[in-house]
1. Could you work out [θ]222 nm for the chain from helices alone, using -39500 (n - 2.57) per DSSP H run of at least four and dividing by all its residues? Round to the nearest 500 deg cm²/dmol.
2. Using Cα pairs under 8 angstrom and six or more residues apart, how large is the relative contact order of the chain, in percent?
3. Antiparallel DSSP bridges in the chain: what percent, to the nearest 5?
4. Choose one of Leu28, Val83, Gly62: the residue whose Cα lies farthest towards the positive end of the charge dipole of the chain (beta-carbon charges +1 Lys, Arg; -1 Asp, Glu; about the Cα centre).
5. Sorted from largest to smallest, which semi-axis lengths in Å does the alpha carbon gyration tensor of the range 51-93 give for its equivalent ellipsoid, taking the root of 5 times each eigenvalue?
6. Would you tell me the accessible area of Ser13, worked out with a 1.4 angstrom probe on the heavy atoms of the protein chains, in Å² to the nearest 10?
7. For the range 1-87, state which chymotrypsin sites (Phe, Trp or Tyr not before Pro) are in a DSSP loop and have at most 15 other beta carbons lying within 10 Å of their beta carbon.
8. Work out the length of the dipole vector of the chain about its Cα centre, built from +1 on the beta-carbon of each Lys and Arg and -1 on the beta-carbon of each Asp and Glu, and round it to the nearest 20 debye.
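The values are calculated or read from the model by the stated rules, or taken from the named source; none is laboratory data. This one's a predicted model, so the numbers in the text were calculated from it and none came from an experiment. Ideal geometry is used to build each Cβ from the backbone, glycine not excepted, and the neighbour counts take in all protein chains shown. Each accessible area value is taken on the protein alone, full model and side chains, heavy atoms only, with ligands, DNA and RNA left out. Shrake-Rupley method; radii C 1.70, N 1.55, O 1.52, S 1.80 Å.
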Amino acid sequence: MSAEPTRIAVGGSSPYEVVVGHRLHHTLPNMLGDGVATVAVIHPRSLRRTGEAIRHGLAGYGRQAHVVEVPDGEDAKTADVAVFCWSVLGRLG
């Protein structure tokens with residue numbers, strides 16, 4: 001897949017951009033910017049190896065990267081999973 005990623009601008013008092021696409025992990029460190037020190041890599045269980053590879057790659061760029069594993073597919077789309085992610089993100093600051 002060589003399609004360009006989709007970029008979604010999010011406004012507000014602290015605007016940012018959401019980038020959606022395939023095989024973006026190599027460009028992720030540059031997308032984060034210099035002020036980002038801590039990153040949560042949230043991934044489904046089936047992508048554990050990919051999540052760990054991304055975490056490792058970000059650590060190589062001096063980022064404190066943490067993996068947060070969620071269930072696969074529809075099982076991830078629950079309030080309990082959202083609460084779990086918010087809890088982890090809260091602990092990470």
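1. Per the formula, -10000 deg cm²/dmol.
2. Reported as a whole number, the value is 21 percent.
3. Around 40 percent of the beta bridges assigned by DSSP in the chain are antiparallel ones.
4. Sorting the options by dipole projection puts first Gly62.
5. Values for the range 51-93, descending: 23, 14, 4 Å.
6. Solvent-accessible area, nearest 10 Å²: 120 Å².
7. Details: sites: Tyr16, Tyr61, Phe84, Trp86; in loops: Tyr61.
Those satisfying the criteria are Tyr61.
8. Around 220 debye, computed over the chain.
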